[in-house]
Amino acid sequence: MDRHFFAKYLSKKIENWKYIYWKTVILLISIFLLYMVGWIPETVPDLFVNTIVSFTAAVQFGTFRSFENNTAYASMFCMGNMRSCAEMYYEGLICKNKTCLRKVGKYTGILASFFIGAIFSGKLSLQYGVKAIWVVCFVLGCVWLILICEKNISDSQEWKKNEGNKTHYI
């Protein structure tokens, strides 16, 4: 409940700001909080770290809920994505639905990234401990840049249609 409240509250506060796209703010907050987790001494109880990581995961889960024309997916968990992927395989292969076949590739990619990320993160955690979370910050930083580029490209295309002012997002 709190993740939806925070994400919705932030989106409503920021949506009217001319140069800031609210989802990029969510990512920046997540990056900052997770970066700070890397500096927390191991003597601090796990409950403190788990609370911060869980909060950032929950806010991202509440914020990034779809891809490509509102196709639902879970950005933090893979069970719902496995179900959706199986449904898309059935609809695409058995019912010959071409749209579902395109979505199957995306869901399969999402699931593969979960699998690869889990293996990679596990190995990094064993080697670097809590500092391995900084790799997550790097990945989220890349997502942040992609999000800004996509938003600027879509705004540029909109600008060309309307011949208005181009807006750059942070």
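Tabulated data for the structure shown
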read-out	value
From Ser30, Ser54, Ser75, residue being touching a Cys at 6+ places or on another chain (Cβ under 9 Å), of a type in the set (S, T, N, Q) and either closer than 19 Å to Gly141 by Cα or modelled with pLDDT of 80 or more (or both)	Ser30
Residue match in the range 149-158 (condition: at pLDDT 80 or above and under 30 Å from Val37 (Cα atoms))	yes
Qualifying residue in the range 59-66 (condition: under 18 Å from Gly109 (Cβ atoms), open to solvent by 60 Å² or more (accessible area, probe 1.4 Å) and at pLDDT below 90)	yes
Pair list, Cβ < 6 Å and 6+ apart or interchain, from the range 91-116 residues that are under 19 Å from Gly80 (Cα atoms) to residues that are open to solvent by 60 Å² or more (accessible area, probe 1.4 Å)	Gly92/Leu101; Cys100/Glu91; Val104/Tyr89
Residue list for the range 131-148, restricted to those being open to solvent by less than 90 Å² (accessible area, probe 1.4 Å) and at pLDDT 90 or above	Lys131, Ala132, Ile133, Trp134, Val135, Val136, Cys137, Val139, Leu140, Gly141, Cys142, Trp144
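Let's see how each residue does on (1) within 30 Å of Gly38 (Cα to Cα); (2) assigned to a helix (DSSP H, G or I); (3) open to solvent by 90 Å² or more (accessible area, probe 1.4 Å):
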{"residue": "Arg83", "(1), (2), (3)": "no, yes, yes"}
{"residue": "Glu87", "(1), (2), (3)": "no, yes, no"}
{"residue": "Leu93", "(1), (2), (3)": "no, yes, yes"}
{"residue": "Lys103", "(1), (2), (3)": "no, yes, no"}
{"residue": "Thr108", "(1), (2), (3)": "no, yes, no"}
{"residue": "Leu111", "(1), (2), (3)": "yes, yes, no"}
{"residue": "Ala118", "(1), (2), (3)": "yes, yes, no"}
{"residue": "Lys123", "(1), (2), (3)": "yes, yes, yes"}
{"residue": "Leu126", "(1), (2), (3)": "yes, yes, yes"}
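The values are calculated or read from the model by the stated rules, or taken from the named source; none is laboratory data. As the structure is a computational prediction, the values presented were derived from the model and not from experiment. Note that we place each Cβ from the backbone using ideal geometry, even for glycine, and neighbour counts take in every protein chain shown. All accessible areas refer to the heavy atoms of the entire protein, side chains included, with ligands and DNA or RNA removed. Shrake-Rupley method; radii C 1.70, N 1.55, O 1.52, S 1.80 Å.
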